[in-house]
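The values are calculated or read from the model by the stated rules, or taken from the named source; none is laboratory data. Since the model is a prediction, treat every value here as computed from it, not as a measurement. Cβ atoms come from the backbone with ideal geometry, glycine included; neighbour counts cover every protein chain shown.
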Amino acid sequence: EAGVTQFPSHSVIEKGQTVTLRCDPISGHDNLYWYRRVMGKEIKFLLHFVKESKQDESGMPNNRFLAERTGGTYSTLKVQPAELEDSGVYFCASSQGLGGNEQFFGPGTRLTVL
Amino acid sequence: GQNIDQPTEMTATEGAIVQINCTYQTSGFNGLFWYQQHAGEAPTFLSYNVLDGLEEKGRFSSFLSRSKGYSYLLLKELQMKDSASYLCAVRLDSNYQLIWGAGTKLIIKP
């Protein structure tokens, strides 16, 4: 069974540009989460989808971040326009059932904003 | 606010036992998780505790005391491959987001 996959693995962009990160959860997992880890800090929750609906987006830092999960399968996280402080590793995770106990993580996308 | 504390770094010897502590003060509680993360890789699930007591899974055990806001991860018969960061995370009861500690970097020496 394929795990959670994320694309790209690395992205280097300039301040003001737009970047779109993609996450493909494990097939059949209704719950999809986005997290971010800024260098030297703890992992921070961004948002949680249940199928195509946003269950909780309390962790989204500001309106430059837009997450979608059309059709309830893969998800995208767009940052527009990117700022220097957006640099970090963006993790996606998925789980079965409502709030399933084990969240399976993808390898992350390392975003560097110059 | 939410706060989870764990030591920044620990060192242990191959074959020995190590205990990584985690204390938390959160607005709610619906379970505590331990994850292992090797450098540059995804966090992988190790254990989940929602009731007080000890959960054992092979060489790894996790303990929870809800009244004390305290958990520990116990690793036995340490192997070099156990060198990694160990992350403590609490699931709030109002939603399903995880609040994370900064992680404990465990260094195993021969």
Margin query: Among the residues in the stretch A:29-38, are any part of a loop (DSSP other than H, G, I, E, B) and either more than 14 Å from chain B (Cβ to nearest Cβ) or without any contact (Cβ under 8 Å) to a residue 12 or more places away in the chain (or both)?
Written below: no
Notebook entry, point to check: Only one of (1) in contact with an Asp or Glu (Cβ under 7 Å, 6 or more places away or on another chain); (2) touching a residue at least 24 places away in the same chain (Cβ under 8 Å); (3) more than 30 Å from A:Ser9 (Cα to Cα); (4) of a type outside the set (Gly, Ala, Ser) is not met by B:Met80, so which one is it?
Noted result: (3)
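Let me confirm something: among B:Glu55, B:Glu41, B:Glu77, B:Glu14, which residue is on the phi < 0 side of the Ramachandran plot and out of contact with any strand residue (DSSP E or B) (no Cβ under 7 Å at 6 or more places or on another chain)? Steps first, answer last, please.
Values: B:Glu55 fails: out of contact with any strand residue (DSSP E or B) (no Cβ under 7 Å at 6 or more places or on another chain); B:Glu77 fails: on the phi < 0 side of the Ramachandran plot; B:Glu14 fails: out of contact with any strand residue (DSSP E or B) (no Cβ under 7 Å at 6 or more places or on another chain).
Of B:Glu55, B:Glu41, B:Glu77, B:Glu14, the one residue that is on the phi < 0 side of the Ramachandran plot and out of contact with any strand residue (DSSP E or B) (no Cβ under 7 Å at 6 or more places or on another chain) is B:Glu41.
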Notebook entry, point to check: Being in contact with a strand residue (DSSP E or B) (Cβ under 6 Å, 6 or more places away or on another chain), under 25 Å from B:Gly103 (Cα atoms), at pLDDT below 95 and not small (Gly, Ala, Ser), is that true of even one residue in the stretch A:84-101?
Noted result: yes
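Going by what's in this entry, would B:Phe33 be described as without any contact (Cβ under 8 Å) to a residue 60 or more places away in the chain, crowded, with 17+ Cβ neighbours inside 10 Å and under 12 Å from the mean Cα position of the chain (by Cα)?
Details: without any contact (Cβ under 8 Å) to a residue 60 or more places away in the chain: no; crowded, with 17+ Cβ neighbours inside 10 Å: yes; under 12 Å from the mean Cα position of the chain (by Cα): yes.
Criteria not met by B:Phe33.
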Next item on the list: Mind listing just one residue for me: the one in the stretch A:52-105 that is of a type in the set (Val, Ile, Thr) and either outside any strand (DSSP E or B) or within 14 Å of chain B (Cβ to nearest Cβ) (or both) and, of those, nearest to B:Trp34 (Cα to Cα)?
Entry: A:Val89
Notebook entry, point to check: Which one is farthest from the chain's Cα centre (by Cα), of the residues in the stretch B:90-110 that are among the hydrophobic types (A, V, I, L, M, F, W, C) and in a loop (DSSP other than H, G, I, E, B)?
Noted result: B:Leu92
